[in-house]
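**Student:** Sharing a structure, written as structure tokens. Questions coming.
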Amino acid sequence: MAKIMMAFQVLPKVEDARLFEVVDEAIAVVAASGVKYEVGPMETTMEGEPDQLWAIIREAQEACVNAGASRVMTYIKMDYNPGRTTIDEKIQKYREK
């Protein structure tokens, strides 16, 4: 199957002082996966095969739990336009400014 885009945001239930530390654990999972990704201020966007991206999100949630979160709320957005839209195509014009 062709590549798609999926963005997700984890909201781990931890004390405020540890929030960014635990979110960083989820981002580390994405970075280690080898997929193309971009971290934004509110979510992380990835590009890859659908099953691969779902697995990364599940692993990212588990990383939050392993880092001490008692619960993880995850918001997911998907651009299912297989092989036709990329992260670069969507944001390139904003980077050129």
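The values are calculated or read from the model by the stated rules, or taken from the named source; none is laboratory data. Everything numeric here is computed off the predicted structure, so don't read it as measured data. Note that we place each Cβ from the backbone using ideal geometry, even for glycine, and neighbour counts take in every protein chain shown.
**Student:** Name the single residue, out of those in the range 12-23 being of a type outside the set (D, E, K, R), part of a helix (DSSP H, G or I) and more than 14 Å from the chain's Cα centre (by Cα), that is surrounded by the fewest Cβ atoms within 10 Å (Cβ to Cβ).
**Tutor:** Selected residue: ALA17.
**Student:** Hey, does the range 80-91 have a residue that's over 19 Å from VAL14 (Cα atoms) and modelled with pLDDT of 95 or more?
**Tutor:** Looking for residues that are over 19 Å from VAL14 (Cα atoms) and modelled with pLDDT of 95 or more, one finds none in the range 80-91, hence no.
**Student:** Looking at the range 63-78 only, could you name the residues that are touching a residue at least 60 places away in the same chain (Cβ under 8 Å), of a type outside the set (Phe, Trp, Tyr) and out of contact with any Ser or Thr (no Cβ under 9 Å at 6 or more places or on another chain)?
**Tutor:** Within the range 63-78, VAL72, MET73, THR74, ILE76, MET78 meet the criteria.
**Student:** Scan (1) in a loop (DSSP other than H, G, I, E, B); (2) within 24 Å of PRO82 (Cα to Cα) for the single condition PRO41 breaks and write down its number.
**Tutor:** Only one criterion in (1) in a loop (DSSP other than H, G, I, E, B); (2) within 24 Å of PRO82 (Cα to Cα) is unmet by PRO41, namely (2).
**Student:** Further question on the same structure: Restricting the search to the range 74-97, which residues are in a strand (DSSP E or B) and surrounded by 12 or more Cβ atoms within 10 Å (Cβ to Cβ)?
**Tutor:** Residues satisfying the conditions are THR74, ILE76, MET78, ASP79.
**Student:** Select, from ALA26, ALA32, ALA60, the only residue that is among the small types (Gly, Ala, Ser), in a helix (DSSP H, G or I) and either surrounded by fewer than 13 Cβ atoms within 10 Å (Cβ to Cβ) or free of Cβ contacts under 8 Å to residues at least 12 places away in the same chain (or both).
**Tutor:** Just a single option satisfies the conditions, and that option is ALA32.
**Student:** Kindly evaluate GLU47 against the criterion of being assigned to a strand (DSSP E or B), modelled with pLDDT of 95 or more and acidic (Asp, Glu).
**Tutor:** yes
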